[in-house]
Amino acid sequence: MLKYLVVLLDRTSAAFCHADNPYSVRELMPLPVLQEALLFAMKENLSVQFVYPDYELPDEYVSMIDSVDHIDIRHVVGGDVCVLDGMDGDAEIDGDNVVIRTTSVELIDNLPSLIGLMSRATHVAVVLTDMLSMSDERLGRYGEFLSDLEREVAGMIQSGVVPQINLLTDRLFLAEMNNCNAGWESVTVAPDGRLYVCPAFYYEDESDSIGRLPAGPDMRNGRLLRLDHAPICRRCDAFQCRRCVWLNRKLTLEVNTPGREQCVVSHLERNASRRLLERIRPAVDFLRDNDICEIDYLDPFETIRL
Amino acid sequence: MKKYVGKVTVAERDDIRRLFERRNGLDELAMIVDREDDELYESLVSDTRDTDARFHEWWRRMSAAYKWESVSEGHWEIDFETCGIFLVVSDGSL
Amino acid sequence: MKHITFIVTKDCQLACKYCYLVGKNTGERMSWPTAKAAIDYILGNREIFDDDGVVWEFIGGEPFLEIDLIDRICDYIKREMFRLGHPWFDNYRFLFATNGINYGSAKVQAFISKNIKHLSIGITIDGTQRKHDLNRIWKDDGTGEERGSYADVLRNIPLWRRQFPNDGTKVTISSEDIPYIKESVLHLYSLGIRDVKINCVFEDVWREGDDRLFEDQLVELADAIVDNGYYNGYDCSFFNERIGRPLDPEVDNSNWCGSGRMLSVDAAGNFYPCTRFAAYSLRVKRPRIIGNVRDGIDLNKLRPFLSLDRTTQSPGKCIECEVASGCAWCQGENYDAALTDTIFQRSTAICLMHKARVRANNYYWNRLYRKLADEGRREEFENKRKSQSTQSFSC
């Protein structure tokens, strides 16, 4: 069931996930639409996440936003989630949570910057923006990078600092899937009041909406967004995987079927988490009950191919 | 007349079926390969000789191993579905 | 067996009323370079095409309109499989579904004699002349008069029977055809066609009451088969002992349709998971292209097809259905009829027709076994069915 409403306050609101925001011309959500969105969220009991553009909002917007419990997602400091575009180890961050949008190539070349950011943030989420063009060679390099990162993180933990990085530590604490669940647990409202599965669907094709306010979403085949209708994912234990339904549709033409790239990336991370767990277990007294078994595949599709 | 005289294993059936299919393939390939296409023609001739030899060897080996009933004017057939072996004679003397 | 289909032309002499090929035309004919590129790609990528054997199928439109191209393709396939030492050389078939009109032509007959050990050819004949000509009509020749094709096909049937005595025919039933089912099947038997593959169209064409009419027809057909002894040596796919049972959601969870395990290539060199996903087969949806002869197959686009199972695509009523076994679906029709661009939504347009078939099927087996028991031949019949072989080869 729906739990979250993502509100894109402007067409140029910060992209915070795999897809880039192609829009460059500002178009602020009209105040009545914002009001409608908040009313909808309150009636449906949804937590609200506001996604900000790169400019100051008028005072009446700020006060309306402050009238509900919410989370702020923005490029600049001061929000609950700070989004960084690219690897910048010196970036100003004071939020608890940092999202780094970067390519795998840039990430691999900037391990020290990542370590630096990890030491200053409560939680770092790295989002790869080149998932649609991952070659086998690049996947191999990503695996090597995760090994390096795993050794660094293990060293930090053994010295008493426990960083949180989605690529490695999220999986340690999970006993079941913890995916994005866009369209199933969250829905996105665009500045014109139309609803989308997630911002990426809005960025890609504005006509791909699933309803509008105040009526709410009218999702056709919405069941296909649920984990139990995803034949590959429902048997998978890369619990930290985003299971991005936008990537799924881009790569396989079906929202419930991941492409090989997403599966392999998530399994490289899962396996690095397993190695990290083995390495730190003697030094830490938490995670006693957690276990990640060894597997001989990187793509769970291989295990279910009929 | 056709009389059931024994059975082979699935693996043995697969062996003879592969050879049977290969013989058919070589027969039909022979209709389109030009003698002037030296390399392919030579290869076809040699493969046909080899496949025929392996085909007859299978029957010789199996009949010896299973000791199937035989008659001088008859021949054996295999049913690929059931792996059954049949003795067939044309004059109805079975 | 891998199933590879060449859509050699989208043209046909006929304009059958039930034809699902909504985009037939005379312009799209496969070129030799496209066909060759497809063969080179397929034979050159054994890691993708790792099946033990292969069926090379040729469809249209009417495939035999392109007999010169087909002949060249088959010769090239044989040469290349042999030259490459490909395992498929030991296990291949050439398969055709034809309207039969050109069957007796010199070119088609020359092709048949060259490849007869590897050929399966089905000629589509819908039944009696009345039934056949109801749907299978010639394209409009400008006179505006409807002209059936029965007589043009029938003249080739004896030759086809002699050349392919074991090959059957495929009959498709739409709403208008229901009253003719019994007479059509019996007519096909009378022509010497012993194997009649028959099914209802998957499209949503059914009218209220069709299921009852259908059931009545099948019961009459069952009576005729039992009374006339056709259960010995003749087959009609409507009657099958395995249909009409509940299916376990875990054990019996495989997909019915083979799309994705097949591969189709069209005149433009595009690959499809099955012909039903090509543009000319779809009423509403965009074609579902999974690659092309230049770039190869995009394996990501195959993943949904190869991970698709029965329960994920089925509505609750199908999962809980007490007579689910044997209820078929076509992935292409599911895609075309779905609310969104997905293959994961099963169309249930044939639900009532399947249930009617199950009732008639139960009737058939009950009648048959009672008759056999009365004659003291039930055990013999069952044993024969268990050990039934389809063919035996002389060595």
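Things worth noting here:
- Entirely in the range A:61-162, the strands (runs of 3 or more DSSP E) that have 3 or more residues that are within 28 Å of A:Asp10 (Cα to Cα), open to solvent by less than 40 Å² (accessible area, probe 1.4 Å) and outside the structural domain of A:Ser13 (by TED's automatic domain parsing): A:81-85, A:97-102, A:123-128
- Test: residue in the range A:196-205 that is surrounded by fewer than 19 Cβ atoms within 10 Å (Cβ to Cβ) and within 30 Å of A:Leu114 (Cα to Cα): yes
- Flag if C:Trp138 is within 14 Å of another protein chain (Cβ to nearest Cβ), of a type outside the set (Asp, Glu) and either under 27 Å from C:Tyr18 (Cβ atoms) or open to solvent by less than 10 Å² (accessible area, probe 1.4 Å) (or both): no
- Against the test of being closer than 21 Å to A:Ser186 by Cα, open to solvent by 30 Å² or more (accessible area, probe 1.4 Å) and either touching a residue at least 40 places away in the same chain (Cβ under 8 Å) or more than 8 Å from chain C (Cβ to nearest Cβ) (or both), the options A:Arg249, A:Arg243 yield a single qualifying residue, A:Arg249.
- Residues of the range A:296-305 that are open to solvent by 40 Å² or more (accessible area, probe 1.4 Å) and aliphatic (A, V, I, L, M): A:Leu298 alone.
- All conditions but one from (1) within 14 Å of chain C (Cβ to nearest Cβ); (2) open to solvent by less than 10 Å² (accessible area, probe 1.4 Å); (3) more than 30 Å from A:Tyr202 (Cα to Cα); (4) of a type in the set (Val, Ile, Thr) apply to A:Ile232; the one that does not is (3).
- Of everything in the range C:217-247 that is in contact with a Gly (Cβ under 7 Å, 6 or more places away or on another chain) and of a type outside the set (Gly, Ala, Ser), the residue that is surrounded by the fewest Cβ atoms within 10 Å (Cβ to Cβ) is C:Arg242.
- From C:Arg283, C:Arg385, C:Arg346, residue being within 22 Å of the chain's Cα centre (by Cα) and either over 18 Å from C:Asp252 (Cα atoms) or away from every other protein chain (no Cβ under 14 Å) (or both): C:Arg283
- Tally of residues being within 13 Å of chain A (Cβ to nearest Cβ), open to solvent by less than 30 Å² (accessible area, probe 1.4 Å) and not in a loop (DSSP other than H, G, I, E, B) across the range C:312-323: 2
- Filter result (open to solvent by 20 Å² or more (accessible area, probe 1.4 Å) and away from chain B (no Cβ under 14 Å)) within the range C:102-121: C:Asn102, C:Gly104, C:Ser105, C:Ala106, C:Lys107, C:Gln109
- Counted residues, the range A:260-296 - those being out of contact with any strand residue (DSSP E or B) (no Cβ under 9 Å at 6 or more places or on another chain) and within 14 Å of another protein chain (Cβ to nearest Cβ): 5
- Here C:Arg303 clears all of (1) crowded, with 19+ Cβ neighbours inside 10 Å; (2) farther than 19 Å from A:Pro300 by Cβ; (3) not polar (S, T, N, Q) except the condition numbered (2).
- On inspection, B:Arg60 fails the criterion of being within 9 Å of chain C (Cβ to nearest Cβ) and within 13 Å of the chain's Cα centre (by Cα).
- The number of residues in the range C:313-372 being among the β-branched types (Val, Ile, Thr) and closer than 24 Å to C:Gly209 by Cα comes to 4.
- Conditions (1) part of a helix (DSSP H, G or I); (2) within 13 Å of another protein chain (Cβ to nearest Cβ): number failed by B:Ala53: (2)
- Residues of the range C:286-300 satisfying the condition of being more than 10 Å from chain A (Cβ to nearest Cβ) and either surrounded by fewer than 18 Cβ atoms within 10 Å (Cβ to Cβ) or on the phi > 0 side of the Ramachandran plot (or both): C:Pro287, C:Gly291, C:Arg294, C:Asp295, C:Gly296
One line per residue, one yes/no per condition, for (1) at pLDDT below 95; (2) surrounded by 20 or more Cβ atoms within 10 Å (Cβ to Cβ); (3) facing another protein chain (nearest Cβ under 10 Å):
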{"site": "C:Leu43", "(1), (2), (3)": "no, no, no"}
{"site": "C:Gly61", "(1), (2), (3)": "yes, yes, no"}
{"site": "C:Phe64", "(1), (2), (3)": "no, yes, no"}
{"site": "C:Asp68", "(1), (2), (3)": "no, no, no"}
{"site": "C:Arg72", "(1), (2), (3)": "no, no, no"}
{"site": "C:Gly85", "(1), (2), (3)": "no, no, yes"}
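- Against the criterion of being outside the structural domain of C:Phe277 (by TED's automatic domain parsing), open to solvent by 30 Å² or more (accessible area, probe 1.4 Å) and at pLDDT below 95, C:Tyr76 does not qualify.
- Taken over the range B:9-39, residues that are more than 23 Å from C:Ile112 (Cα to Cα) and within 12 Å of another protein chain (Cβ to nearest Cβ) amount to 6.
- Out of C:Gly376, C:Gly326, C:Gly332, sole residue that is at pLDDT below 95 and either crowded, with 17+ Cβ neighbours inside 10 Å or over 21 Å from the mean Cα position of the chain (by Cα) (or both): C:Gly376
- Residues located in the range A:278-293, provided they are modelled with pLDDT of 85 or more, assigned to a loop (DSSP other than H, G, I, E, B) and open to solvent by 70 Å² or more (accessible area, probe 1.4 Å): A:Asp291, A:Cys293
- Checked against (1) open to solvent by 60 Å² or more (accessible area, probe 1.4 Å); (2) modelled with pLDDT of 95 or more, B:Leu44 meets all criteria but (1).
The values are calculated or read from the model by the stated rules, or taken from the named source; none is laboratory data. Just so you know, these numbers come straight off a predicted model, no measurement behind them. All Cβ positions, even for glycine, are placed from backbone atoms using ideal geometry, and neighbour counts span all protein chains on display. Each accessible area value is taken on the protein alone, full model and side chains, heavy atoms only, with ligands, DNA and RNA left out. Shrake-Rupley method; radii C 1.70, N 1.55, O 1.52, S 1.80 Å.
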